[in-house]
1. Can you tell me which residue in the range 77-102 is farthest from Tyr21 (Cα to Cα), limited to those that are outside any helix (DSSP H, G or I) and open to solvent by less than 50 Å² (accessible area, probe 1.4 Å)?
2. From (1) assigned to a helix (DSSP H, G or I); (2) touching a residue at least 60 places away in the same chain (Cβ under 8 Å); (3) within 18 Å of Ile154 (Cβ to Cβ); (4) not aliphatic (A, V, I, L, M), pick out the condition that doesn't hold for Pro434.
3. Condition first: under 18 Å from the mean Cα position of the chain (by Cα) and more than 16 Å from the ligand (Cβ to nearest atom). Can you find one or more residues in the range 170-184 that meet it?
4. Considering only residues that are within 16 Å of the ligand (Cβ to nearest atom) and either open to solvent by 20 Å² or more (accessible area, probe 1.4 Å) or without any contact (Cβ under 8 Å) to a residue 40 or more places away in the chain (or both), which ones fall in the range 124-139?
5. In this structure, does Val237 turn out to be over 23 Å from Ala313 (Cα atoms), outside any strand (DSSP E or B), within 16 Å of the ligand (Cβ to nearest atom) and open to solvent by less than 10 Å² (accessible area, probe 1.4 Å)?
6. Looking at the range 387-407, which of its residues are of a type outside the set (Phe, Trp, Tyr) and within 25 Å of Arg140 (Cα to Cα)?
7. Among the listed residues Ala297, Ala313, Ala288, Ala330, identify the single one that is more than 16 Å from the ligand (Cβ to nearest atom) and open to solvent by less than 10 Å² (accessible area, probe 1.4 Å).
8. Identify, by number, the condition in (1) of a type outside the set (A, V, I, L, M, F, W, C); (2) open to solvent by 10 Å² or more (accessible area, probe 1.4 Å); (3) in contact with a Lys or Arg (Cβ under 7 Å, 6 or more places away or on another chain); (4) more than 16 Å from the ligand (Cβ to nearest atom) that Asp121 doesn't meet.
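The values are calculated or read from the model by the stated rules, or taken from the named source; none is laboratory data. Just so we're clear, the structure is a prediction, and the values are computed from it rather than from any experiment. With ideal geometry, Cβ positions are generated from the backbone for all residues, glycine too; neighbour counts draw on all protein chains shown. Just the protein is used for accessible areas: all its heavy atoms, side chains included, with ligands, DNA and RNA removed. Shrake-Rupley method; radii C 1.70, N 1.55, O 1.52, S 1.80 Å.
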Amino acid sequence: MLNDSIQEVIFVGWPGPTHHYGGLSGDNVAATASRGDISHPAQAARQTLELIRLLQSLGQTVAVLPPQLRPHLPLLREHFAGADDEVIRQAAREKPELLEKAASSSAMWTANAATATPAVDSADGMLHITPANLFTHLHRRIEAADTYRVLAAIFREVPRSIVHPPPAAGEGSPDEGAANHMRLSPRHADKGLHIFVYGENGRQSLSASQVIKTEHEIPDAEALFIRQNPEAVRQGVFHNDVIAVSNAHVLIAHERAYARADFSRIAQAYTALHPGKELAMITIGEEALSVEEAVRAYVFNSQIVTTPNGMMAMIAPMETKTLYGGKAAAFLERVRAGSDNPIDEVHYVDLRQSMKNGGGPACLRLRVPMTAAQVAAMQHGTRVLADEALLSALEKNIEKYYPEALSPQDLGNPELYHGCKALLAELSAAMGLPLL
Ligand code: SUG
């Protein structure tokens, strides 16, 4: 297998018609603040479409992970019986908070869908993918089984790939996927250093990260386990991608993301793996941008991508410009202007609908480094690559199935469920996936 042909496929999460603000994640500052607000599902989908088009204009290979069927009736049926419509109406009357959870469109944040390790890194030369168990929050836990089924279907024809089941979801082993994982390497095609970031009593456990490292056959020299700074977690850093962002040999982080010694461990492990190769580690301190400001402006929840000319582009939320007098964007502009890293473009995107639930550019994508042959095989069995045919099918469905405005009280209308089902029937056909 030619390592050189490894490219990153960016799986963007497509929102569902029930996208709403239930304030379901108590540890997520933006979602908590949005509780009860009117959401705009059609607008959420249009904003995601813009993100996909921007990534494509930057030379990226983009695939789409479809939404899941919501409300999730198996959850409601643990409490109510009867025909589907009756179960939804009863839940709306008697357990509206449970209905909000069952109706969450949270599968759109695909950084939490899985963790992926490319063939070039694993001892057995396989591309390994492990869906996350998302155990911490009930509205996210219900994603895991469908995500596993859909990823298994997407990779079924892909040579030298394996989709594992989600790690056993005991109380002690929560896992939220790639949002807590970074892969550092000179180029995507080179061996990567895997940084698994875990929290104590947080959403990502050390034990689940260790299981993934072992299951993916990542050699010891290529893996580091780094603890989140508990103080940062208390300030709203519920995932690593809220406080750090990386691409190839660039790592940008707040200096309070981890203990000081951990930054040195990262640099040493990288040098040991790639002697003589430079790691561009860029940090910002509390006095320049506080953790709280970073969490609200979501500056680290950006994407960095390698562009065809070998340079890098950053995709940041527009809130980095609008909040705190643009302090966070000013930091990004300094990074762009600096000669110590290859980032030469910063794009500011409007993802307001997702951002109000704590989902910035980084949350909306799962990166899977694949060889060209693997990408081609993936597209034989399914149609997940965001080509014009898929994008126009998605766009047409916005008009047909996505409400322009939705309040949590609207979730009791069974028509939303039937609309979601019809949408998934259309997407199953368009994408060649078993979505229902
Ligand atoms: O898990 N929001 C998601 C946001 C996930 C962000 N992902 C990354 N950082 N990679 C979460 O907290 C809010 C849903 C609501 O409240 O309605 C929510 O689930």
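1. Gly82
2. (1)
3. Looking for residues that are under 18 Å from the mean Cα position of the chain (by Cα) and more than 16 Å from the ligand (Cβ to nearest atom), one finds at least one in the range 170-184, hence yes.
4. Phe135, Thr136, His137, Leu138
5. Here the answer is yes, as Val237 does meet what is asked.
6. Leu394, Asn397, Ile398, Pro403, Glu404, Ala405, Leu406, Ser407
7. Checking each option against the conditions leaves just Ala313.
8. Here Asp121 meets the rest and fails (2).
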